[in-house]
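Notes for the one structure printed next.
The values are calculated or read from the model by the stated rules, or taken from the named source; none is laboratory data. None of these values were measured; they are calculated from a predicted model. A quick note on method: Cβ atoms are made from the backbone with ideal geometry, for glycine too, and the neighbour counts reach across all protein chains shown.
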Amino acid sequence: MQRHLAGCLIPFVLLAAGCVSADAGSTSTVIGEPVAASVTTLSASELAPLVEAGSIVLVDVRTDEEVAEGMIPGAIHMPLADFDPLALPDPDDAEIILYCRSSRRSGQAAQQYVEATGLSIRHLDGGILAWQAADLPVETPD
């Protein structure tokens, strides 16, 4: 019986493996099943050209007091305590990227975003501390 069962599983495993796509640069999927949304990070050096191009919606989830000390140019402020993924501005095909001081709170906000929208999102690895360590510009809000 065990030998027969094992013989039945091998074709199933091979068939299932044939339904997975693993092209470079794409997300693996199983045919007929949606890919789960994910939270990923990007470095300050990856974020800098996106900020400069103005091609993203950058969201700072730090407190009012932290933001008063400076923020990444072009960012909008939505503190984690008030974070509502569904209240974020419509990105008009731009990517939304989150950041905080060190990336802990932006990771929490990103998880909330994924759960609320079912969409993937990225946040700044190391937060504004990594941004400043890379000697990238910070502006004081009005």
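A compact table of results
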{"item": "Residues of region 132-142 satisfying the condition of being β-branched (V, I, T) and at pLDDT 95 or above", "result": "V138"}
{"item": "Filter result (farther than 17 Å from V51 by Cα, over 13 Å from the mean Cα position of the chain (by Cα) and in contact (Cβ under 8 Å) with a residue 12 or more places away in the chain) within region 102-142", "result": "S102, A116"}
{"item": "Tally of residues being farther than 17 Å from A44 by Cβ and hydrophobic (A, V, I, L, M, F, W, C) across region 69-120", "result": "14"}
